[in-house]
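Novice: One structure, as structure tokens, below. Some questions next.
The values are calculated or read from the model by the stated rules, or taken from the named source; none is laboratory data. Everything numeric here is computed off the predicted structure, so don't read it as measured data. FYI the Cβ positions are ideal-geometry reconstructions off the backbone, even for glycines, and counts take in every protein chain you see.
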Amino acid sequence: MKDFDQIAHQLRTKDPSEILAWSIKEYGDSITLASSFGAEDVVLIDKLARIRSDIDIFYLDTGLLFPQTYKTRDELARRYNLTFIRVVPRWTVDEQEKEKGAALWKRDPNQCCHIRKVEPLQKVLSHYKAWITGIRREQSPTRAHTQVVEWDDTFSICKLNPLAFWKKEEVWDYIHKNKVPYNPLHDQDYPSIGCIPCTRAVKPGEDPRAGRWSGSAKTECGLHRNRDQK
């Protein structure tokens, strides 16, 4: 196995575009970008399109996404002439209700996320050797130790986080400078956008991820584990 700590150290100060270029040179067609069409992801889509436009980009369609998220997907597809890979859970929302009861996201959000996000992600990543994400250290304490390149124990795959050390201001400066399409919910105090039932606007002074699974201790859907957690 590669020495990912050493590679991360070497790439730590590189521009995200250079990190993406390295990852494509290293993994070629065996790398994919996971997108939720949030601010960080649209930056990566723009940067990736400038390097190589045929790298697979997928999104997890839980069946519970905001209309604005689908609209953003469509705008990005038109802008960059892309076809995003739609990944779905084994059950529709109605089928999940029959199997697990109504509004599982209220009663057991961890199980709901596992069914609608983690399982589909595990399945799609089994076809690749590396994946690219838009997570940043600044986003939450559970992401504070994220490296630009690391080994993902959860999915047994190389994980690239080119924006790990970027600040929020850098993300938005890039979006505005390059006129990248983005989810309009970001302008309505939604810094982090997931499924409709588990996402709300963030109030002034709140943590940026306070709008996700509000009222519970849950802060992550299970796709990204703290690298210090075993």
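Every residue, every condition in (1) within 13 Å of ALA130 (Cβ to Cβ); (2) among the small types (Gly, Ala, Ser), yes or no:
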residue	(1), (2)
PHE4	yes, no
ALA8	no, yes
LEU11	no, no
LYS14	no, no
GLU26	yes, no
GLN68	no, no
LYS71	no, no
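Novice: Considering only the range 71-117, state which residues are aliphatic (A, V, I, L, M) and at pLDDT below 95. Spell out the reasoning first.
Specialist: The initial filter retains those residues of the range 71-117 that are aliphatic (A, V, I, L, M), namely 76-77, 82, 85, 87-88, 93, 102-104, 115.
Listed by number, the list is empty, since nothing qualifies.
Novice: Sticking with this structure for a sec: Answer yes or no as to whether ASP153 is over 15 Å from the mean Cα position of the chain (by Cα) and at pLDDT 95 or above.
Specialist: Criteria not met by ASP153.
Novice: For PRO197, which of the numbered conditions (1) assigned to a loop (DSSP other than H, G, I, E, B); (2) farther than 15 Å from PHE37 by Cβ fails to hold?
Specialist: (1)
Novice: Filter the range 40-63 down to the residues that are surrounded by fewer than 18 Cβ atoms within 10 Å (Cβ to Cβ) and touching a Pro at 6+ places or on another chain (Cβ under 8 Å) and list them by number.
Specialist: GLY63
Novice: Go through (1) out of contact with any His (no Cβ under 7 Å at 6 or more places or on another chain); (2) closer than 22 Å to PRO184 by Cα; (3) surrounded by 15 or more Cβ atoms within 10 Å (Cβ to Cβ) one by one and return the number of the condition ILE31 breaks.
Specialist: That leaves (2) as the condition not met.
Novice: A further question on this structure: Kindly indicate the residue of the range 87-107 that is in contact with a helix residue (DSSP H, G or I) (Cβ under 8 Å, 6 or more places away or on another chain) and without any contact (Cβ under 8 Å) to a residue 24 or more places away in the chain and also farthest from HIS127 (Cα to Cα) among those meeting that condition.
Specialist: At the first step, the residues of the range 87-107 found to be in contact with a helix residue (DSSP H, G or I) (Cβ under 8 Å, 6 or more places away or on another chain) are 87-91, 96-97, 100-101, 103-106.
Now drop any that are not without any contact (Cβ under 8 Å) to a residue 24 or more places away in the chain, which leaves 96-97, 100-101, 104.
Details: GLN96: 26, GLU97: 29, LYS100: 29, GLY101: 32, LEU104: 29 Å.
Step by step, filter the range 87-107, then rank; the result is GLY101.
Novice: Turning to a different aspect of this structure: Mind checking which pairs have a first residue in the range 168-180 that is touching a residue at least 40 places away in the same chain (Cβ under 8 Å) and a second that is among the β-branched types (Val, Ile, Thr), Cβ under 7 Å, 6 or more apart or different chains?
Specialist: As it stands, the answer is VAL171/VAL43; TYR174/VAL43; ILE175/VAL42; ILE175/VAL43; VAL180/VAL42; VAL180/VAL43, since those pairs meet every condition given.
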